[in-house]
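Working notes for the structure below.
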Amino acid sequence: MKFDENLAVVHGYLCADGYVIKNPENQKHKYYSIGLRNQSIVLLEDFQKRFQSFFGIKPRIGHDRARIYSKEIHNKLVKKWNFYSNSWKLPKMSDRNLKLWLRAFFDCEAWVEVQCRKNRRIGLDSINHKGLVAIQAALKSFNIESKIKNIKNRNMSRLQIFGKKNIEKFANEIGLLHPEKIEKLKRTINSYPHYIWIFPYEIGELREFIREKTKIKKPYIIRVVSNRKENLKTLQNILEENFDIDSKIYERKNGQNTRYYELAIQKKESVKKALKHDLLNKQQISRMEVT
């Protein structure tokens, strides 16, 4: 059996929540069963479609599982691979197929936690420590960092993906199909502060955006502060190109010696233009001393 996209997904499912079994030898009636147990109909239908595309036989979907009986397919699978939860192995495959394998496995086994400003992570628990080490190496090949630790008092290891960069990379490179986990993954990413400003195109919205950012440093200086210099460089260009306003950017440090940046509109002509173009709110205008 040559790995393609469909087999990669089926194999990932079978290593996670799947099974490839036959009944005990001492039983008279023989059966050979391949299936996926899961509460998500989306995953069951994906398994069904992928299995049929590769093997030409369509598993039946019942309560919390998709299943098919086939001695021929059972024997082909167990002859080449082990699907027991404590000893499965991640096969060698192309990057494209590896991403699909990981997606299927994480869809079944992973959990997503989002506690704003406290804990954001993608987690994966398994009794197959060597399998998690292989998954960790596979993730690293896509520049996704993860950590593995042993869970105390349990014969189980946990792989965890932390940090906005790694979680975003996972979402973009691997992704998920499970609807609830997709939603949690989006919430996790959106819970991080957005340090790069996205400037509106429409001039009215742009004015409102700038009004929200501006502060009065002195009665005659308008300032905008950011921890990212590129935000202020973009704003500086917008002010010059759209409103003919001159400004300067300074590097500052606060009481904790943390670096930040300040854009200052301080020339009287530029301050007047800011007032003319409605770039300050009424409370700020009342504090200005420009004549």
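Name the single residue that is farthest from L275 (Cα to Cα) among those in segment 216-235 being surrounded by fewer than 13 Cβ atoms within 10 Å (Cβ to Cβ) and over 29 Å from the mean Cα position of the chain (by Cα).
K218
Determine, yes or no, whether L44 is under 30 Å from I144 (Cβ atoms), in contact (Cβ under 8 Å) with a residue 40 or more places away in the chain and not β-branched (V, I, T).
Against the criterion (under 30 Å from I144 (Cβ atoms), in contact (Cβ under 8 Å) with a residue 40 or more places away in the chain and not β-branched (V, I, T)), L44 does not qualify.
Are there any pairs, at least 6 apart or on different chains, whose C-beta atoms fall under 9 Å, with the first in segment 126-142 and among the charged types (D, E, K, R) and the second at pLDDT below 95, and if so, which?
Taking only residues 6 or more apart or on different chains, the pairs are K130/S87.
Taking segment 242-258 as the search range and keeping residues that are assigned to a loop (DSSP other than H, G, I, E, B) and of a type in the set (V, I, T), which one is farthest from the chain's Cα centre (by Cα)?
I245
Look through segment 11-28, keep the residues that are in contact (Cβ under 8 Å) with a residue 60 or more places away in the chain and in contact with a Ser or Thr (Cβ under 9 Å, 6 or more places away or on another chain), and return whichever of them is surrounded by the most Cβ atoms within 10 Å (Cβ to Cβ).
Once the filter is applied, the top-ranked residue is C15.
Mind checking which residues of segment 48-57 are surrounded by 15 or more Cβ atoms within 10 Å (Cβ to Cβ) and under 18 Å from I21 (Cβ atoms)?
If the condition is that a residue be surrounded by 15 or more Cβ atoms within 10 Å (Cβ to Cβ) and under 18 Å from I21 (Cβ atoms), then F51, F55 are the ones that fit.
So that you can scan it fast, the table gives a plain yes or no per residue for (1) surrounded by 12 or more Cβ atoms within 10 Å (Cβ to Cβ); (2) farther than 14 Å from V10 by Cα:
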| residue | (1), (2) |
| --- | --- |
| P59 | yes, no |
| D64 | yes, yes |
| H74 | yes, no |
| S85 | yes, yes |
| P91 | yes, no |
| R96 | no, yes |
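Just to check your reading of the model, which residue among N128, N150 is modelled with pLDDT under 95 and either under 23 Å from D4 (Cα atoms) or of a type in the set (S, T, N, Q) (or both)?
Step by step, each of N128, N150 is checked, and only N150 is modelled with pLDDT under 95 and either under 23 Å from D4 (Cα atoms) or of a type in the set (S, T, N, Q) (or both).
The values are calculated or read from the model by the stated rules, or taken from the named source; none is laboratory data. Since the structure is predicted, the reported quantities are computational estimates derived from the model, not experimental observations. A quick note on method: Cβ atoms are made from the backbone with ideal geometry, for glycine too, and the neighbour counts reach across all protein chains shown.
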